[in-house]
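These notes are about the structure you will find just below.
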Ligand SMILES: [Zn+2]
């Protein structure tokens with residue numbers, strides 16, 4: 001089996017996780033910038049985080065032969081503080097041309113507030129000005145449907161952004177069509193309980209097909225499983241999906257989306 005982990009918060013993981021992922025066939029891991037589990041007190045905290053994502057984590061992954069890529073932004077939760085968010089937005093261009101930066105993400109909304117929306121629009125403008133891919137975080141639970149619609153509208157209002165260069169992540173049964181119908185990609189996040197479990201994700205694939213769709217584990221600092229993607233692939237096998245269909249979903253699709261950024265390269269030995 002080969003797979004790409006297109007959304008993993010590896011700074012939260014131990015080296016055994018890297019070893020397990022590579023052993024299971026992981027060919028590359030991509031790490032969006034996100035909330036650290038606590039609010040950072042200054043833009044300097046984000047500067048250090050961006051250094052960690054672009055300098056230190058790729059070196060740690062390389063020890064296991066795994067290419068590590070990243071995305072940059074201030075996450076929606078901390079975007080509620082507009083002053084802080086604008087300071088962080090101002091330092092992103094200093095990092096954007098680094099060799100492992102794939103785009104702007106994971107941006108989006110958390111509680112669908114005016115402040116979050118204002119900072120989301122500034123991120124979209126930043127992506128447009130620098131011709132960057134966009135990775136979107138959608139809100140949780142009762143905020144997800146409204147938040148997904150607000151995000152999709154905000155991106156569609158920006159004519160410089162082509163929809164095929166945007167992935168709406170954390171989709172569920174009630175939001176997947178909103179993303180796909182607008183021409184975006186959609187990501188399913190495999191959590192043990194919330195977001196998508198493996199059976200729910202496979203149901204979604206069976207209902208909506210496997211075009212412009214990927215799966216990720218998020219594997220962050222909370223309850224999450226770094227091997228969720230290959231384990232879901234095994235579950236797909238049990239449910240009769242072909243090896244080719246599984247390979248498309250967990251390897252070819254993320255490779256196609258991420259390959260729109262010329263910096264994204266896979267090991268040639270796969
Ligand atoms: Zn995330």
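The values are calculated or read from the model by the stated rules, or taken from the named source; none is laboratory data. Please read all numbers here as calculations on a predicted model, not as lab measurements. Virtual Cβ from ideal backbone geometry, glycine too; neighbours counted across all protein chains shown.
Worth pointing out:
- Considering region 34-54, the residues that are more than 12 Å from residue 88 (Cα to Cα) and in contact with a strand residue (DSSP E or B) (Cβ under 9 Å, 6 or more places away or on another chain) include one that is surrounded by the fewest Cβ atoms within 10 Å (Cβ to Cβ), namely 54.
- The set of residues in region 195-215 being surrounded by 13 or more Cβ atoms within 10 Å (Cβ to Cβ), in a loop (DSSP other than H, G, I, E, B) and more than 13 Å from the ligand (Cβ to nearest atom) consists of 197, 210, 212.
- Only residues that are free of Cβ contacts under 8 Å to residues at least 60 places away in the same chain and touching a strand residue (DSSP E or B) at 6+ places or on another chain (Cβ under 8 Å) were counted in region 2-17, giving 1.
- Candidates 167, 92, 107, filtered to the one that is closer than 23 Å to residue 48 by Cβ and within 16 Å of the ligand (Cβ to nearest atom): 107
- Apart from one condition, residue 131 fits all of (1) surrounded by fewer than 24 Cβ atoms within 10 Å (Cβ to Cβ); (2) modelled with pLDDT of 95 or more; (3) part of a helix (DSSP H, G or I); the exception is (3).
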